[in-house]
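Report on one structure; see the data block that follows.
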Amino acid sequence: MAKTEEQGLHKELREVLSSFRREREELIPILQKLQEKLGYLPEETISEIADFLGISESEVFGVASFYTMFRFVPPGEHIVKVCLGTACHVRGGEEILETVKRELDINSGETTKDSKFSLERVACFGCCALAPVMLVGKDLYAGMTTEKVKKILNLYKNR
């Protein structure tokens, strides 16, 4: 990481920390706010958060790695989420997920080499009547088929 990038990162972290108390209970809210601001939790921030809260780095990392909502690598430009709730699963959600994996050449939880896409599997979006569904960024796609997946991903690949 370049020195100016690292300085910017530390400035962002200080801004986040300034709105929290130095108490252990603030750990998850701090991690949430930092990820909201940066899109992920840079490794370099773990020790500063630990120092701020007076806890060990391993405790900060342990909490952050326990919850699947936290990520340690920058997300792709387009985050693709595939629903695998009951209705989506019954209507082919796994096949949709497998198609996305093949098309992007990544597994769930990974980002493409060009940082264009990240892939996540989701337990339920709450729109079961539209199953199976896929979300790309904030765009929801319903009644997904393998052909629709390919067409939709190609639209985003060319953006």
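Coordinate-derived values only; no laboratory data. Quick caveat: nothing in here was measured; it's all calculated off a predicted structure. For neighbour counting, all protein chains shown are included, and Cβ atoms are generated from backbone atoms with ideal geometry for every residue, glycine included.
Annotation: amide H-H contacts under 5 Å for Leu119 (H modelled 1.01 Å from N, sequence separation of 5 or more, or interchain): Val80, Gly109, Glu110. The mean sequence distance of close C-alpha pairs (under 8 Å, at least 6 residues apart), as a share of the length of the stretch 48-148, puts its relative contact order at 29 percent. For trypsin sites (Lys or Arg not before Pro), the sites in the stretch 92-148 that DSSP calls loop and that have at most 12 other Cβ atoms within 10 Å are Lys113, Lys138. Among the chymotrypsin sites (Phe, Trp or Tyr not before Pro) in the stretch 51-159, those placed in a DSSP loop whose Cβ has at most 11 other Cβ atoms within 10 Å are Tyr67. In this structure, the pairs whose alpha-carbon distance is over 29 Å, taken from Lys11/Lys157; Lys11/Lys116; Lys33/Lys113, are Lys11/Lys157.
If the only charges are +1 at each Lys and Arg Cβ and -1 at each Asp and Glu Cβ, what is the size of the charge dipole of the chain around the Cα centre, to the nearest 20 debye? Walk me through the numbers on the way to the answer.
On the way: 22 positive and 25 negative charges, 145 e Å.
Once rounded to the nearest 20, the dipole reads 700 debye.
Computed from these coordinates, which is P(r) over Cα pairs in 5 Å bins from 0, in percent: (1) 2, 9, 17, 17, 15, 12, 12, 9, 7, 2, 0; (2) 1, 9, 18, 22, 23, 16, 8, 2, 0, 0; (3) 1, 8, 15, 18, 18, 14, 11, 6, 4, 3, 2, 1, 1, 0, 0? Correct label is (1). Put a dot 7 Å past the Cα of Lys37, heading toward its Cβ, do the same for Asp105, and the two dots end up 3.6 nm apart.
Quick one: net charge around Cys88, please, counting Lys, Arg +1 and Asp, Glu -1 for every other residue with C-beta under 14 Å from its C-beta.
On the way: positive: Lys81, Arg91, Arg121, Lys148; negative: Glu94, Glu95, Glu98, Glu120.
Its environment carries a net charge of 0.
Mind listing which trypsin sites (Lys or Arg not before Pro) in the stretch 6-41 are in a DSSP loop and have 12 or fewer other Cβ atoms within 10 Å?
On the way: sites: Lys11, Arg14, Arg21, Arg22, Arg24, Lys33, Lys37; in loops: Arg21, Arg22.
Sparse-neighbourhood loop trypsin sites (Lys or Arg not before Pro): Arg21, Arg22.
How much length is gained on full extension from Cys127 to Arg21, taking 0.36 nm per residue of separation minus their Cα-Cα distance? Show your work: numbers first, answer last.
On the way: separation 106, 0.36 × 106 = 38.16 nm, distance 3.81 nm.
Going from the current span to full extension adds 34.4 nm.
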